[in-house]
Structures are given as structure tokens and as C-alpha cells.
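Remarks on the structure that follows.
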Amino acid sequence: MRTETDRRLTTDLTRLRNLGILAHVDAGKTTVTERILYATGTTHKRGEVHDGTTVTDFDSQERDRGITIFAAAVSCDWRGHRVNLIDTPGHVDFADEVERSLRVLDGAIAVFDAVAGVEPQSESVWRQADRYGVPRIAFVNKMDRAGADLDTAVESIRRRLHPAPLVVQLPIGAEDGFRGVVDLLRMRALLWDDGTFQEGPVPRESADEAGRRRRALEETVAGLHAGAMDEYCTRSTLSDGTLASALRDLTRSGDGLVVLCGSAYRNRGIEPLLDAVVSWLPAPVDVPPVRGEYDGTAQERPADPEAPLAALAFKVTATARGRLTYVRIYSGTIEKGDHVWDPVARRGERVGRILRVQADRHAELERAGAGDIVAVIGLKSARPGSTLCAPGSPLVLEPPTSAEPVVSVA
Ligand code: GDP
């Protein structure tokens, strides 16, 4: 039975975020994912990468190799929003999988190492995300490492990835002494102590620097955003509200890149990162309708649970529960027991069970609607890239490629 929260979250599409984490191998994607699951209460035990207990890396091959190989979609809740976290492989050898997971995301966190800055692999994943028009925010991780420097990392982002980084935090303390950040939007200090965090006034020693950076941020934002510019011209300052909504617009249009920082390993900076995700990255209704075609005719489907079904399978895994097919539902609704149509294989499939994957647990659902990402048990032939649609309203979301032959007609 669905709870009230579940009902609200699945019907209010503005409160859904389909989020990916993009990073160079070793930048800390697994640790960030793990800490997000921990901060959202999805897991109650803090996993560590080095002892092989992280939740998203539950495949033994991943543990052995220490890199995230297979994408997994995990759901968590943050301040009344559902965040579906789609794990994107960071290793270039898995470019196809990266591309397919980029298709099903509406936004992403790009994780960087505060010492290394932008590395060649971060650049290639960044370009892929550009191709798919995925709005991003940046998280400069490992602020606790010797040699960590936010400004240098941001400079490498500006030079190599994005001309308009918008730094919304000032670090408090450096390297081993990294204790927290000043939130430049609200001018409040967020300090972490042994994993828990406290909010308070900006420390006296950071006040001047924070003031300077806030003004620089306002100036840059006003230069990029017409609405903010109007307010800036009349008052020569921006209200917190205008600044926040300008940052949302700039993130969604890709004209600016919000940058936050922290140390995932020390569990510092994760809560503001989640706040940034729900405030600035788009919901399924904020992105253009999905496009497909059928019989040479282009079609669009809105993110509407009442519209005909259009879903894309993006990952298939074999588990003890059977074949688990992860799908992104773009429009319509799937219900347990439904018959759906694969227009490329030209065969019907039956939806056995619908699961929401929450880290290492599965919650069973009666139905799932537009915008959501769930796993389905019972599909026999769907493979990554297959479209599932309403039998009477066919469309193909992803044309079949020669590398992935069409499943033969039954
Ligand atoms: P991934 O390859 O991007 O998934 O990176 P991991 O999360 O596996 O992290 C790579 C290594 O960096 C591991 O040894 C982590 O413990 C370490 N690491 C992750 N985050 C931090 C951090 O904030 N500070 C420090 N010092 N090390 C970190």
C-alpha cells in the first residue's frame, strides 16, 4: 500500500529529481553517493569505499576493481523531494553505459578532486553531458586533502569546462582543518563536527572575504541573467530571492555553473549539495518533452502520467529476484500486471512487479508514473535501449543500433 508521502511524491512531478553523479575515476563519486544515501536516511550505516561496504557498489567485481562499473538507480528522499540517483560509470571503457545513463537523467552533480581539478576524463564525460544537454552543478570534493584549493580547482573548471563558474560557498579552514563553508546566498556558516552539522553566523575571520565573494557572485550573476541585471541596476545589490532564482535559471539553461565544495569522506558539504540539487536542478516537468518516432513520424510525449506510456529501459541486471530492468518512464503510467509493447522487437511484455530500489532494499509499488525511474521484474526480452509503450500508441525512443541487434520476433 502506498503511503501519503509516496502518493504526493509520485503525483507532484515538481518534487522529483532524476540525478546522476559524473566524475573522473577516484574523484569520489562512490563516496559522494554513499554519503547522500546516508544523509537522506536511506542507509543507516556509513559505508567506506576501502572496506568494500558501499551500497551502490554491490557488485563484487566493482569491489575488486574499486571502480563503479554497473549503473544502479537508487531512490532517496530529501526535504519532501524524491531523488532518484542514477549511478553513471566514470570509466571511459564504459562510454555506452555512460551515454545511456545520461539520457535518462534530468540533472547531474559533477564531482571534482580539489587537488587535481579537471582531469582529462572529467572533460570527456563533461562533453557527453553537454551533448545530452544535462544541467549540472559542480562539487569540488576532497577539500580536506593536502594541497586542496577551491580557487585553483574553479580556475581549471573555468579554463577547461565552463566559462561561468558561480561559486556559492567560501570554505572555512583548509586541508586537515577544513571545517565547513559560508553559504554565500544566506550568509550563514555551516560547520560540521564529526558528521553532524550546525548552522550559525559567519565567523569574524571569514566575514570580509565572504562579503567580497558575495558581491563578486552578484556581479557575475547580474552579468549573465537579465532579471538579476534589472535589480542590480536599480539597487546595485541582489536580494537573496533574486539571486537564488537567477542561479536556478542559469543552471537549467547551462549559462552558469554553480560550484559547491566539501569533503565526502569526512561527510562535510553533503546537505547543502542536496539542497542545491532540489533548488536548482530541474524536475521532469522542467525539461523538454521526450522525443521519439514511429514509422518515420517524429513524436513528442509530455511528462504526464495520464498520457500514453513511453518508457526507456536503460539497464538490465540479473539478480536473485530475477531479471531486473531499470526503466525511465517519460510519460504515462505502468501498473503491475500491465501489458506493454516493445515496438522494435514487435512483441508484448508483461510487467510482473515494480520495484523502487532503495540502496540494497527494494520497495514494491503498484504503479509508477511519468518522470519516475523504477525497476521492473517480469520483462523477458527488453534490453538497454528498448522502448516500452502503450500497445495502441507506439513510438521508438532510441533507434536500434547494429551493435545491439533487434530481438527476434516471437
Ligand atoms: P570514485 O572512483 O569516483 O567512485 O571515487 P571513490 O569514492 O571510490 O573515492 C576514491 C578514493 O578517494 C577513496 O580512497 C576515497 O576514500 C577517497 N576519497 C573520497 N572522498 C574523499 C574526500 O573527501 N577526502 C579524501 N581525503 N579522500 C576522499
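The values are calculated or read from the model by the stated rules, or taken from the named source; none is laboratory data. Keep in mind that what you see is a predicted model, and the values were worked out from it rather than measured. Neighbour counts run over all protein chains shown; Cβ positions are idealised from the backbone, glycine included.
List of remarks:
- Scanning region 156-197 for residues that are at pLDDT below 95 and either polar (S, T, N, Q) or more than 23 Å from R35 (Cα to Cα) (or both) gives a single hit, T196.
- Scoring V115 on the criteria (1) touching a strand residue (DSSP E or B) at 6+ places or on another chain (Cβ under 9 Å); (2) modelled with pLDDT of 95 or more leaves a single failure, condition (1).
- Assessment of region 254-266 against the conditions (among the small types (G, A, S) and either modelled with pLDDT under 95 or away from the ligand (no atom under 16 Å from the Cβ) (or both)) yields at least one matching residue.
- Among the residues of region 148-164, the one identified as crowded, with 23+ Cβ neighbours inside 10 Å and either free of Cβ contacts under 8 Å to residues at least 40 places away in the same chain or not aliphatic (A, V, I, L, M) (or both) is A148.
- None of V407, V340 is at pLDDT 95 or above and either touching a Lys or Arg at 6+ places or on another chain (Cβ under 9 Å) or surrounded by fewer than 19 Cβ atoms within 10 Å (Cβ to Cβ) (or both) except V340.
- Scan of region 228-239 for residues that are of a type outside the set (K, R), loosely packed, with under 14 Cβ neighbours inside 10 Å and part of a helix (DSSP H, G or I), ordered by number: D230, C233, T234
- Within region 336-372, considering residues that are acidic (D, E) and in a strand (DSSP E or B), the one nearest to the chain's Cα centre (by Cα): E364
- Number of positions in region 187-225 that are more than 26 Å from the chain's Cα centre (by Cα), farther than 18 Å from A174 by Cα and assigned to a strand (DSSP E or B): 1
- Region 118-147 - residue that is within 10 Å of the ligand (Cβ to nearest atom) and part of a loop (DSSP other than H, G, I, E, B) and, of those, surrounded by the fewest Cβ atoms within 10 Å (Cβ to Cβ): A146
- Condition check for R63: within 12 Å of the ligand (Cβ to nearest atom), in a helix (DSSP H, G or I), at pLDDT below 90 and not acidic (D, E): yes
- Lone unmet requirement of (1) at pLDDT below 95; (2) part of a strand (DSSP E or B); (3) in contact with a Phe, Trp or Tyr (Cβ under 7 Å, 6 or more places away or on another chain) for R328: (1)
- Scanning region 267-288 for residues that are more than 15 Å from R186 (Cβ to Cβ), more than 16 Å from the ligand (Cβ to nearest atom) and either free of Cβ contacts under 8 Å to residues at least 40 places away in the same chain or not in a helix (DSSP H, G or I) (or both) turns up L281, P282, A283, V287, P288.
- The set of residues in region 364-390 being of a type in the set (S, T, Y) and crowded, with 21+ Cβ neighbours inside 10 Å consists of S386, T387.
- Cβ separations smaller than 6 Å between residues 6+ apart or across chains give the following pairs from region 15-44 residues that are among the charged types (D, E, K, R) to residues that are within 15 Å of the ligand (Cβ to nearest atom) and assigned to a loop (DSSP other than H, G, I, E, B): K29/G90; E34/G47; E34/T54; R35/A264; R35/N267.
- Among the residues of region 99-117, those that are outside any strand (DSSP E or B) and free of Cβ contacts under 8 Å to residues at least 60 places away in the same chain comprise E99, V115.
- Residue list for region 318-337, restricted to those being under 15 Å from P384 (Cα atoms) and either touching a residue at least 24 places away in the same chain (Cβ under 8 Å) or surrounded by 21 or more Cβ atoms within 10 Å (Cβ to Cβ) (or both): R323, L324, T325, Y326, V327, R328, I329
- Qualifying residues in region 15-30 (those that are over 23 Å from R328 (Cα atoms) and crowded, with 24+ Cβ neighbours inside 10 Å) - the one farthest from the ligand (Cβ to nearest atom): H24
- Matching residues, region 231-277, being under 20 Å from L85 (Cα atoms) and β-branched (V, I, T): T251, V258, V259, I270, V277
- If the condition is being in a strand (DSSP E or B) and among the small types (G, A, S), then region 156-186 contributes only G180.
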